[in-house]
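The structure appears below as structure tokens.
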Amino acid sequence: TFTNTTMTLGTAQTNEQISWMKVSPYTTASTTLFVGTNLGRIIKVTNANTTSYASTLLTTPAAGTISDIEFGKNENEIMVTLSNYNLTSVFFSTDGGTTWQNKEGNLPDMPVRTILANPDDSNEVILGTEMGVWGTTNFLSASPTWSSTSGNIGNVRVTNLDYRPATKTVLVSTYGRGAWTTQNTTITL
């Protein structure tokens, strides 16, 4: 059953639109929803599955289009990507979005569409970008070292990354080259 519900989360800025939504996997008694906008704003909505929801504007990591919101080991570890040129595209928070760390490192200036962390190793993170998949094994350092890990996928726009823990399978969806999977003990492609 689908129910159309309108939520008022705050006052929209001029030309602001929702660009990404993510439900936290860590809140199970109710729904905690994170909403990203094309102006870089992130709104946390607690009790989103009820009529008595509450919304909080998190600190904005950067002005730009939020393209992905993902979580690390808990709801305080938030990874955010932005899909604009000429700005920092990868951010990480360890305090639920109060402060943000720039995780761009040596990544070239390109839109980043999606992010995925290895659930067994917080230092291993891959990105889906305008130019394929990029990965690092030192995400928690002050300035991660990124390298292209696209392999046979090539330098194509990656639109989403997903992970199936039961089989340790990473799914990579692309724009123009189909969907790809890899099954490893780590998520490095």
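For THR28, indicate whether it is hydroxyl-bearing (Ser, Thr, Tyr), at pLDDT below 95 and within 24 Å of PRO165 (Cβ to Cβ). Here the answer is yes, as THR28 does meet what is asked.
Among the residues of the range 139-164, what is the count of those that are part of a strand (DSSP E or B) and either open to solvent by less than 40 Å² (accessible area, probe 1.4 Å) or not β-branched (Val, Ile, Thr) (or both)? Number satisfying all stated conditions: 8. Whenever a residue of the range 73-85 is open to solvent by 60 Å² or more (accessible area, probe 1.4 Å), its partners that are not in a loop (DSSP other than H, G, I, E, B), lying with C-beta atoms within less than 8 angstrom and at least six residues away or across chains, give the pairs LYS73/SER122; ASN76/SER93. For THR188, the stated conditions do not hold, so it cannot be described as at pLDDT below 95, in a strand (DSSP E or B) and either of a type in the set (Val, Ile, Thr) or closer than 23 Å to SER19 by Cβ (or both). When THR88, THR56, THR65 are checked against the criterion of being surrounded by fewer than 16 Cβ atoms within 10 Å (Cβ to Cβ) and in contact with a strand residue (DSSP E or B) (Cβ under 8 Å, 6 or more places away or on another chain), a single residue qualifies: THR56. When you go through (1) surrounded by fewer than 16 Cβ atoms within 10 Å (Cβ to Cβ); (2) over 15 Å from ILE43 (Cα atoms); (3) at pLDDT 95 or above; (4) not basic (Lys, Arg) one by one for GLY105, which number turns out not to apply? GLY105 satisfies all of (1) surrounded by fewer than 16 Cβ atoms within 10 Å (Cβ to Cβ); (2) over 15 Å from ILE43 (Cα atoms); (3) at pLDDT 95 or above; (4) not basic (Lys, Arg) except (1). If you go through the range 127-138 and keep only what is touching a strand residue (DSSP E or B) at 6+ places or on another chain (Cβ under 6 Å), open to solvent by less than 70 Å² (accessible area, probe 1.4 Å) and outside any strand (DSSP E or B), you end up with just ASN138.
For ASN47, the test of being out of contact with any strand residue (DSSP E or B) (no Cβ under 7 Å at 6 or more places or on another chain) and of a type outside the set (Phe, Trp, Tyr) is failed.
The values are calculated or read from the model by the stated rules, or taken from the named source; none is laboratory data. Being a predicted model, the structure only gives us computed values, none of them experimental. All Cβ positions, glycine included, derive from the backbone under ideal geometry; neighbour counts span all protein chains shown. The accessibility values were calculated without ligands, DNA or RNA, using every heavy atom of the protein model including side chains. Shrake-Rupley method; radii C 1.70, N 1.55, O 1.52, S 1.80 Å.
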